[in-house]
Amino acid sequence: MNRAIWVFSWIILVIGVLIYFSWAFLYDAWTDIGLYSITVTLVVFGILGILLSIFKKEED
């Protein structure tokens, strides 16, 4: 379960970064507030999931 959380969190983090850069390159929208809201949500949940899996691993 811990490994699954870690992998899923990395996937969410990478998807967030890829969405930001691909959308910004395609539409030249580096300062789009809608793009920021999606990217920040995915990146924050990815980072929090990674931290959760690390702290959960240390607890075991």
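Yes/no per residue for (1) in contact with a helix residue (DSSP H, G or I) (Cβ under 8 Å, 6 or more places away or on another chain); (2) modelled with pLDDT of 95 or more:
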site	(1), (2)
5	yes, no
21	no, yes
27	no, no
34	no, no
37	no, yes
41	yes, yes
58	no, no
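Can you pull out every residue in region 1-14 that is in a helix (DSSP H, G or I) and either free of Cβ contacts under 8 Å to residues at least 24 places away in the same chain or out of contact with any Leu (no Cβ under 6 Å at 6 or more places or on another chain) (or both)? Break it down into steps so the answer makes sense when it comes.
Restricting attention to region 1-14, the residues satisfying the condition of being in a helix (DSSP H, G or I) are 2-14.
If the condition is that a residue be in a helix (DSSP H, G or I) and either free of Cβ contacts under 8 Å to residues at least 24 places away in the same chain or out of contact with any Leu (no Cβ under 6 Å at 6 or more places or on another chain) (or both), then 2, 3, 4, 5, 6, 7, 8, 9, 10, 11, 13, 14 are the ones that fit.
Go through region 17-37 residue by residue and tally those that are aromatic (Phe, Trp, Tyr) and part of a loop (DSSP other than H, G, I, E, B).
Step one: filter region 17-37 for residues aromatic (Phe, Trp, Tyr), giving 20-21, 23, 25, 27, 30, 36.
When the remaining residues are screened for being part of a loop (DSSP other than H, G, I, E, B), the result is 30.
Qualifying residue count, region 17-37: 1.
The values are calculated or read from the model by the stated rules, or taken from the named source; none is laboratory data. What you see is a predicted model, and the numbers here were worked out from it, not measured in a lab. Cβ sites come from the backbone with ideal geometry, for glycine too, and all protein chains shown count toward neighbours.
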